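Single-structure report; data block below.
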Amino acid sequence: MARIAGRFARVEPRRRAAAFVAGLLSELPRKNCWTLAEHAGDLTPDGMQHLLARARWDADAVRDDIRDYVVEQLGEADVVLVIDETGDLKKGNATVAVQRQYTGTAGRIENSQVGVFLTYVTAAGHALIDRELYLPESWSGDQVRRERAKVPAERRFATKPELAAQMIGRALATGIRGWVTGDEVYGSSTPLRTVLETGQVSYAMAVASNHRITTAAGTRRADEIAARLPKTAWQRLSVGAGAKGQRYYDWALITIASEQPGRRWLLIRRHHRTGELAFYRCYAPGPVPLPVLVKVAGTRWRIEESFQTGNGLTGLDQHQVRTWTSWYRWTTLVLLAHAFLAAVTARERSDHNAQPDLVPMTLPEAQRLFTRLTSGPIRSIAFVLHWSRWRRRHQARARASHYHRQAALQS
């Protein structure tokens, strides 16, 4: 927290932010302004809500501090930047950037809010370092909803690959160098690939089976190319260790014909039992061995682990905020809490070599130990009852207001 202290205009929001992050790092079963306020010992959630909505502090500057902290803790060797989005299911249409859209969280089209995230991955660990809220095109011209959700006037519609390019650009501007990977949404984006190739940034991003590739034999779909390959074109390589040991797949590499500088390939992955195929479009300024491309392609799933631990441990998807500023501030503080757990876990794993008889540290275990070390004395029963009475009154007023609105509509 001392690293970000200078981002706050006053000492009060700085202290409130420390209590907020401590609540995110706690083992609360549900994390929102009510429960975080209770954890901090406040009688109402007003202070936490003020921190997210109105207090003076720079969330983007804190984001930059988080990125620097993660790089410092996880190292700068063999870096892979992983891009992906995650959705939060919502009700109604008042919450910022909500509309009916596909979200991988539900696996279908739902009323949801989607954020695009960037994860920093090294051999030491991985952590989320950047975030952007996807503002659907339906919001761009709806001035009433924009003003209600406090969307900045300068913010216009941007595709998910465009948001990814912004975040990757911010990371590269600080001197980070490494590979980039992502799923089909980003691998199929020609503008994003062009931006990366112009900056000579290597990538291995997934593409669909119908993605068209130009080779020396002509232009064909990726799955058609895979069907024509001889048995000798495939090599069995591991993408890394999983819960049941090394994860082996069969791999083939096809050179993509291009007059532009650099090397381009179509990387094909085949499951050795089911025959299921996956395709990756790859680029590098110079020659790259197949095992390196395989390793980068296998790194893409790290961001799914970041989403899982971010949601389960630090409340990434548990916010109940409605405005633009509150979403960015909540998400930034969640990234800070998650980065802390990732850093602690990485440090403990580095010490594991000296004590190989111990089980390697995990993020959930780091959170559990942190909670045990920092938890204060149990609050008095009088405070708990006071809080409970306040919460019951607040909920009763909300229910009464809802019933009155429903009665008015029916009349």
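Pairwise alpha-carbon distances in segment 286-370 exceed 22 Å for 46% of all pairs.
The C-alpha atoms of the chain define a longest principal axis, and helix 59-74 lies at about 50 degrees to it. Highest mean packing comes first when the peptides 8-18, 79-89 are listed by Cβ atoms within 10 Å, giving 79-89, 8-18. Relative to the globular-protein estimate of 2.2 N^0.38 Å, the Cα radius of gyration of segment 1-117 stands at 1.27.
As a length-normalised measure over Cα pairs under 8 Å and 6 or more apart, the relative contact order of the chain settles at 18 percent. Just read off the accessible area of Ser350 with the full protein assembly in place, 1.4 Å probe, to the nearest 10 Å². Per-residue accessible area (Ser350): approximately 70 Å². For the set Leu336, Leu277, solvent exposure ranked by accessible area (probe 1.4 Å, protein chains only) runs largest to smallest as Leu277, Leu336. Are any of the pairs Lys160/Lys295; Lys31/Lys295; Lys160/Lys231; Lys31/Lys90 more than 28 Å apart by Cα-Cα distance, and if so, which? Violating the 28 Å Cα-Cα cut-off are Lys31/Lys295; Lys160/Lys231.
As I understand it, the value is the acute angle between the Cα axis of helix 290-299 and the longest principal axis of the Cα atoms of the chain; what does it come to in degrees, rounded to 10? Taking the Cα atoms of the chain, the angle to 290-299 is about 20 degrees. Computed from backbone phi, the HN-Hα couplings of segment 135-144 come to 9, x, 4, 5, 7, 4, x, 8, 5, 5 Hz, rounded to whole numbers (Karplus: 6.51 cos²θ - 1.76 cosθ + 1.60, θ = phi - 60°; Gly and Pro given as x).
Here the chain is described by how far its Cα atoms reach on the three principal axes: 75, 63, 41 Å, from widest to narrowest. Within the shell of other residues whose beta carbon sits under 11 angstrom from the beta carbon of Val185, the net charge comes to -3, with Lys and Arg scored +1 and Asp and Glu -1.
Here the translational diffusion coefficient of segment 60-137 follows from Stokes-Einstein with Rh set to the Kirkwood radius across Cα pairs; for 37 °C and 0.692 mPa s it amounts to 236 µm²/s. Within the shell defined by Cβ-Cβ distances under 12 Å, the residues around Gly169 carry a net charge of -2, with Lys and Arg each +1 and Asp and Glu each -1. Inter-part distance, segment 177-237 to segment 251-273, computed on C-alpha centroids, equals 6 Å. A 1.4 Å probe run over the protein chains yields, for the chain, 51 Å² of accessible area per residue, whole-number rounding. Judged by the ratio a/c of the largest to the smallest principal axis of the C-alpha gyration tensor, segment 211-333 counts as prolate, that ratio being 1.5 or greater while a/b is larger than b/c.
Tell me the angle of helix 302-314 to the major Cα principal axis of the chain, expressed in degrees between 0 and 90 and rounded to the nearest ten. On a 0 to 90 degree scale, this one is about 10. The magnitude of the dipole of the chain, with charges of +1 and -1 set on the Cβ of Lys/Arg and Asp/Glu and taken from the Cα centre, is near 1180 debye. When you count the other C-beta atoms within 10 angstrom of each residue and take the mean per peptide, 30-41, 218-229 line up highest first as 30-41, 218-229.
Nonpolar atom fraction for the chain, defined as the carbon and sulfur part of the 1.4 Å probe accessible area, stands at 51 percent.
A straight Cα-to-Cα reach below 15 Å connects Lys91 with the aspartates and glutamates Glu110, Asp317, residues fewer than 8 places away in its own chain not being considered. Note that segment 253-322 shows a convex hull volume over its alpha carbon atoms of 177 Å³ per residue. Working note: Karplus 6.51/-1.76/1.60 with θ = phi - 60° gives segment 227-241 the couplings 5, 8, 6, x, 4, 6, 7, 9, 10, 8, 9, 8, 8, x, 7 Hz, where Gly and Pro are set to x.
Straight-line cross-link partners of Lys150 among the aspartates and glutamates, defined as a Cα under 13 Å from its Cα and at least 8 positions apart when in the same chain: Asp142.
Between Arg193, Arg263, Arg273, the residue with the greatest mean-square fluctuation in the GNM of the chain (Cα pairs under 10 Å linked by springs) is Arg273. The Cα atoms of segment 147-266 give a gyration tensor whose axes a ≥ b ≥ c have a/c of 1.5 or more with a/b greater than b/c, which makes the shape prolate. Averaging the sequence gap over all C-alpha pairs within less than 8 Å and six or more residues apart, then dividing by the number of residues, gives segment 131-203 a relative contact order of 29 percent.
Residues Arg247, Arg393, Arg131 ordered from highest to lowest accessible area at a 1.4 Å probe: Arg393, Arg247, Arg131. Rounded to the nearest 20 debye, the dipole magnitude of segment 205-247 is 120 debye, with +1 charges on Lys and Arg beta carbons, -1 on Asp and Glu beta carbons, and the Cα centre as origin. Each principal axis of the Cα cloud of segment 181-225 was evaluated for its coordinate range; sorted largest first, these ranges are 29, 21, 15 Å.
Sorted largest first by accessible area at a 1.4 angstrom probe radius, with every protein chain in place, the residues Tyr248, Tyr283 fall in the order Tyr248, Tyr283.
What the phi angles of segment 26-32 give under the Karplus curve with 6.51, -1.76 and 1.60, with θ = phi - 60°, is a coupling list of 6, 9, 4, x, 9, 10, 8 Hz, glycine and proline written as x.
When the convex hull of its Cα atoms is viewed from all sides, segment 33-186 shows a mean projected area of 11.0 nm². From the residues Ala61, Leu293, Gly315, which one has its Cα farthest along the dipole of the chain in the positive direction, the dipole being from +1 and -1 charges on Cβ of Lys/Arg and Asp/Glu about the Cα centre? So the residue furthest toward the plus end is Gly315. Between Ile256 and Arg264, Trp265, Leu266, the built amide H atoms are under 5 Å apart, and every one of these is 5 or more places off in sequence or on another chain.
The values are calculated or read from the model by the stated rules, or taken from the named source; none is laboratory data. The structure displayed is predicted, hence computed values, not measured ones. Methodologically, a virtual Cβ is constructed for each residue, glycine included, from the backbone with ideal geometry; neighbour enumeration extends over all protein chains shown. These area figures cover heavy atoms from the full protein model, side chains too; ligands, DNA and RNA do not enter into them. Shrake-Rupley method; radii C 1.70, N 1.55, O 1.52, S 1.80 Å.
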